[in-house]
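Notes for the one structure printed next.
Taken together, the values in this text are just the output of simple stated rules run on the coordinates, not laboratory data. It should be emphasised that the depicted structure is a prediction, and the values quoted were computed from it without experimental measurement. For neighbour counting, all protein chains shown are included, and Cβ atoms are generated from backbone atoms with ideal geometry for every residue, glycine included.
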Amino acid sequence: MFNQNQQENQWIDISQPLSKDIAHWPGDTPFSYEVAYPKEETGSVNIGQITTSTHIGTHIDAPFHFKNDGQRVLDIDLNIYIGASRLIDIGDAKEMNREVLSQFNLDGIARLLIRTSIKNNPTVFPKDIPYVTRDGAEFLKEQGIKLIGVNVPSVDPLDSKDLEGHHALYENGIYILLNFRRLK
């Protein structure tokens, strides 16, 4: 992503580096990396092995994650995730709803990064997070937003089973990027 508020085409890596200490969704497979076959065994290269859930660190939630007939990652145009974005800070708001989001100028942007007051320590899974409401998703569509990124691991409450935020964003044509690295 590059930030519209900064010099044109200044690329900013917003991903959390994967490490043995990175927090994972409770119950999911934690991240691990090992050299499965060292160069001494293969004769030419070291071969690494990664084991993890795909719901870790900075990642997207393709519609297939929450809809059996939804697009998979390989079906999504990569350009949705690349380009100018605007970063807003909603502070300690508990919801990403129309009232909160309408306080920001979102004119002329398609990619919105939302920073919350959650510290986003990559080694600690949060206990509670702000979430997207149905009217928040509808407002974002009205503003022309095609991608929402948040610095937390979900767009729904952590204990949600109906995933209203995921579905509302999907129904409004908005893709999801989760757990971006805290930007200044």
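Some notes on this structure:
- Of the trypsin sites (Lys or Arg not before Pro) found in segment 115-149, those in coil by DSSP whose Cβ has at most 13 other Cβ atoms within 10 Å are K119, K127.
- Inter-site label distance for F104 and Q49 at 7 Å from Cα along Cβ, in nm: 4.2
- From phi via Karplus (6.51, -1.76, 1.60), per-residue ³J(HN,Hα) for segment 50-55 in Hz, x at Gly/Pro: 10, 10, 5, 7, 7, 9
- Lysine pairs in the chain with Cα atoms under 15 Å, if 8 or more residues apart or on separate chains: 5
- GNM result for the chain, Cα springs below 10 Å: residue of G108, G27, G91 fluctuating most strongly: G27
- Each residue of segment 16-32 is assigned a 3J(HN,Hα), and the resulting list reads 7, x, 7, 8, 5, 9, 5, 5, 10, 4, x, x, 7, 6, x, 6, 8 Hz, derived from the Karplus form 6.51 cos²θ - 1.76 cosθ + 1.60 (θ = phi - 60°), x at Gly and Pro.
- For D135 and D69, the difference between the fully extended length at 0.36 nm per residue and the C-alpha to C-alpha distance is 21.3 nm.
- Average Cα contact separation per residue, segment 126-170, under 8 Å, 6 or more apart, as relative contact order %: 57
- Under-5 Å amide H pairs with Y175, H placed in peptide plane, nonlocal only: L147, I148
- Amide H contacts for R181 (H built 1.01 Å from N in the peptide plane; partners 5 or more residues away or on another chain; cut-off under 5 Å): S15, Q16.
- Multiplying the residue separation of N121 and D21 by 0.36 nm and subtracting their alpha-carbon distance yields 34.9 nm.
- Calculated [222 nm] ellipticity per residue, helices only, for the chain: -3000 deg cm²/dmol; basis is -39500 (n - 2.57) per DSSP H run with n ≥ 4, divided by all residues, nearest 500.
- For M96, residues with placed amide H under 5 Å, excluding near neighbours: Y131, V132, T133
- In sequence order, calculated HN-Hα J values of segment 119-127 (Karplus, 6.51, -1.76, 1.60; Hz; x Gly/Pro): 5, 6, 6, x, 9, 10, 7, x, 8
- Of the trypsin sites (Lys or Arg not before Pro) in segment 1-97, those whose Cβ has at most 11 other Cβ within 10 Å and which sit in DSSP loop: K20, R72
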